[in-house]
1. If r is the Cβ-Cβ distance from ARG339 to ILE268 and R0 is 25 Å, what FRET efficiency results, to the nearest 0.05?
2. For LYS221, list long-range residues whose amide hydrogen, built 1.01 Å from N in the peptide plane, is under 5 Å from its own amide hydrogen.
3. Given Cβ point charges of +1 (Lys, Arg) and -1 (Asp, Glu) and nothing else, what value in debye, to the nearest 20, does the dipole of the stretch 101-166 about its Cα centre take?
4. Quick one: putting +1 on the C-beta of Lys and Arg, -1 on the C-beta of Asp and Glu, what dipole do you get for the chain around its Cα centre, in Debye to the nearest 20?
5. Working out 0.36 nm times the residue gap between LYS196 and LEU126, then minus their Cα-Cα distance, what length gain in nm do you get to one decimal?
6. Please list the non-local residues whose amide H lies under 5 Å from the amide H of THR329, H modeled 1.01 Å from N, same-chain partners needing a gap of 5 or more.
7. So which GluC sites (Glu not before Pro) in the stretch 400-440 end up in coil per DSSP with only 16 or fewer other C-beta atoms within 10 Å?
8. Which of rounded, prolate or oblate describes the stretch 285-339 when judged by the alpha-carbon gyration tensor and an a/c cut-off of 1.5?
Amino acid sequence: MSKKRKIIIFCVFIMQCISLFSISTHSESNDISEETFDMVIISPNSFKNEIQPLINHKQSMHLHTFFQTTESIYDNYPGIDSSEKIKYFIKDSIEQYNIKYVLLIGDIEKIPIRKTAVTWEYFGDLVVKDVITDFYYEDIYDKNMNFSSWDTNYNGIFSEVQMITNDMEDNETFHYIDQIDLISDISVGRLPCKTKKEVETTIEKIIEYETETSGSSWFNKIILIGGDTFPNIGEMNEGEYVTDYIASKMKDFQAIKLWTSLKTFSPIKINQAINKGAGFVSYSGHGFSNGFGTSQPNSDSIKHYYTPYILGLFNNNKYPIMYFDACLTASLDYQKFNRNVPCFAWSMVKKPFGGAIASIGSTRIGYGGFVGDPLGAGSPSLHTLFFNSYVPGIYLGDMFIQAKKSYAETICIEGFDDCLTLQEFILIGDPSLKIGGYKK
């Protein structure tokens, strides 16, 4: 695939806008060394009682799960910092217990997220720096199956990669200082809970979803949201093009199109559609830490959906998986008025009696493919690969990791080693979630 096409930044306009049934900790006691498990839940000890119902539920569904505290990991594993200690623990769990999924329960203060040195210089402007990512916990091994430190020059700075765009007609330049193979070795998701109540709410939603969704007619719908992402570039309505492509791949789902060209994109209509229930929500357009927005065809007029509108969602027991093909919606370090506030993608998941069961979004600014070919690379490409990976009954983490592997193997070629997209899109939710629920 030739990469000599015009690349466009996805959110450049925002620069101008504002084990077992009882909880066990296996590194403290080695009495389960002969067992195998499907998933480990990592969390501070303070959440262990609230997590117990999820462990019981997973066990009852024959998804063998154990619990490990961050405190125990920090005391028993080596590493330059807390994140590396967690990564070594995950490596140990893969090799000893053959785990497939890791669920982190805790915000980034309780369970650190890796801050990387990936930068993107776009026509002389530094538009991306300090990328935060849980992909660090997925990329356990390098290409030689050694531990992947993401710091191959041993300077204490992780994932030093410089991406430079200076000419829309030329290839992008990637300068890898640290060597990273970009391949996920395990599926990781996070519930960035700050309080015990948030843990209880999200776990109750997971249990409800997995036990009640199967056979429900509402699940067989997909809500497609988009518009003219780049009204001043070309004639294509990029967001509509991307979501229409997804509809063509999800043929067994009824497509609900909330597009600016159809005049069906509005907060009220979005809430009405979600409240009726859907298996998936697919959005492609611009994004912010507190919402998303896109343009009407050939117009600078932008339609928005902001975090406060989530209060109008009452889709209890009809929770979709939401994919935000946009910038910043999963910025877990979002701050306003000098305090951390929930980002948009997490606000959707933690909403009681409504919202999403899980979401996928970006922690930083991304880019939206190539001019005239939005599926050629960047976030729209990963977005479509996610839905290409769907088969009935698949686990959410498997669907996402399959998309990322496909992106690394088919898009990251000919010098286009795009670690930015792979790092900044993260899963907010349970990677072992059975999509569509377990059969009753």
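1. On the way: r = 30 Å, r/R0 = 1.21.
The value I calculate is 0.25.
2. GLN254, GLY279, PHE280
3. Working: 5 positive and 11 negative charges, 17 e Å.
With only Lys, Arg, Asp and Glu charged at Cβ, the dipole is about 80 debye.
4. Details: 39 positive and 53 negative charges, 385 e Å.
The calculation lands at about 1840 debye.
5. The span from LYS196 to LEU126 would gain 21.4 nm if fully extended.
6. PHE288, SER362
7. GLU414
8. Values: a/c = 1.77, a/b = 1.13, b/c = 1.57.
Cα axes put the stretch 285-339 in the oblate bin.
Throughout, read-outs are computed from the coordinates displayed, never taken from laboratory work. Only a predicted model underlies this, so the values are computations on that prediction, with no experimental measurement involved. We place every Cβ from the backbone using ideal geometry, glycine too, and count neighbours over all the protein chains shown.
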